[in-house]
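The block underneath contains the structure these notes are about, expressed in structure tokens.
The values are calculated or read from the model by the stated rules, or taken from the named source; none is laboratory data. Not measured: the values here are computed from a predicted model. FYI the Cβ positions are ideal-geometry reconstructions off the backbone, even for glycines, and counts take in every protein chain you see.
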Amino acid sequence: MERINKNSFTPPFYQLATILEKKILSGQLKVGESLPSENDLSREYELSRTTVRKCLSLLAERGLISTQQGKGTFVSRPSLDRAEFLMEEFHTHMTNMGTEPGYRLIHVQFLKELPEFAVKLGMKANQGILYYCRLLLADNEPIAVEHKYMLYIKGRPILENEFQYKAFSEVIMIHTDILPVSSQAILTAESAGEFDAKLLNVAQGEPVLKLQQALYDDNNRPIGVGVFYYRGDRYSLVSDIHPLKGER
């Protein structure tokens, strides 16, 4: 049985959610099957009931379980009209496709105010914001432009190569010591603006995929947001929609 690592940076509720999610997706826990009670999970994994409850809430948000009043918590039947995309880290994705990933840091800037879209996503900045822009390449060809905004902590400098080469979640962790445990992304189609079109080497107004992302801590507070513009002629997202393993 997998155990909870109390010394890990990953919160215990998130570790337990990952363990149960694996059991559900593998078919070890089948659709309609009852989950152990909060008390049983608490004893089995040596966690408080509050931590277990937080884990179950996360799984419910993901549509993996549902609670029936007076009966218990059960593995849910998946909805096939909702697509979920696996967003691999860029370096891994490009490597798996047989291309050489590359990164170019465009600029880094300290901002006193958040952009409007970040405010709408619920992010707050009491000490200011670190903003940086990065160009992603595949075999030295521009693929995407990233604009990222994260909380600024005075006296916690970041090296330039960390902005350039590390994933957003890693940069946040290094600078703030806060672990992003969840993320939400919004995908839309848009026309490339002048600045991004120039970096992507496409004509202004060309279609691009726009991805807005927010990273959250274990209290569901946004600690970093980003906007990504992917070339529409070079990048695509594919989702496989199918029932969970073990569904009856």
Restricting segment 55-75 to residues that are among the charged types (D, E, K, R) and closer than 16 Å to THR18 by Cα, the one surrounded by the most Cβ atoms within 10 Å (Cβ to Cβ) turns out to be ARG62
In segment 160-175, how many residues are over 17 Å from GLY128 (Cα atoms), in contact (Cβ under 8 Å) with a residue 40 or more places away in the chain and not aliphatic (A, V, I, L, M)?
-> 6
Within segment 1-32, residues being among the β-branched types (Val, Ile, Thr), closer than 14 Å to LEU179 by Cβ and at pLDDT 85 or above number 1
Residues in segment 167-184 that are among the aliphatic types (A, V, I, L, M), outside any helix (DSSP H, G or I) and either surrounded by 14 or more Cβ atoms within 10 Å (Cβ to Cβ) or modelled with pLDDT under 80 (or both) total 3
Hey, LEU136 hits all of (1) in contact with a Leu (Cβ under 8 Å, 6 or more places away or on another chain); (2) within 24 Å of LYS198 (Cα to Cα); (3) in a strand (DSSP E or B) but one; which does it fall short on?
-> (1)
Would you list the helices (runs of 4 or more DSSP H) that sit entirely within segment 1-68 and hold 3 or more residues that are more than 18 Å from ASN220 (Cβ to Cβ) and not β-branched (Val, Ile, Thr)?
-> 12-26, 38-45
Got at least one residue in segment 130-145 being assigned by TED's automatic domain parsing to the domain that holds ASN219 and at pLDDT below 85?
-> no
Output for segment 26-82, where each listed residue is touching an Asp or Glu at 6+ places or on another chain (Cβ under 7 Å) and closer than 13 Å to PRO12 by Cβ | ARG49, VAL52, ARG53
Of the conditions (1) within 20 Å of the chain's Cα centre (by Cα); (2) touching a residue at least 60 places away in the same chain (Cβ under 8 Å); (3) surrounded by 14 or more Cβ atoms within 10 Å (Cβ to Cβ), the single one that LEU130 does not satisfy is (2)
What are the residues in segment 139-166 that are part of a helix (DSSP H, G or I) and more than 20 Å from the chain's Cα centre (by Cα), if any?
-> GLU160, ASN161
Output the qualifying pairs, or none if there are none: Cβ atoms under 9 angstrom, residues six or more apart or on different chains, first residue in segment 208-231 and closer than 14 Å to GLY193 by Cβ, second residue of a type in the set (Val, Ile, Thr) and assigned to a loop (DSSP other than H, G, I, E, B).
-> VAL208/VAL202; ARG231/VAL202
Give GLY205, GLY226, GLY193 a once-over and let me know the one that is surrounded by 18 or more Cβ atoms within 10 Å (Cβ to Cβ) and modelled with pLDDT of 85 or more.
-> GLY226
Give segment 192-231 a look and list any residue that's assigned to a strand (DSSP E or B) and among the acidic types (Asp, Glu), or say none.
-> none
Residues within segment 187-238 that are of a type in the set (Ser, Thr, Tyr) and more than 22 Å from the chain's Cα centre (by Cα), tallied | 1
Considering only residues that are β-branched (Val, Ile, Thr) and surrounded by 13 or more Cβ atoms within 10 Å (Cβ to Cβ), look in segment 19-54 and name the one that is nearest to LYS71 (Cα to Cα).
-> VAL31
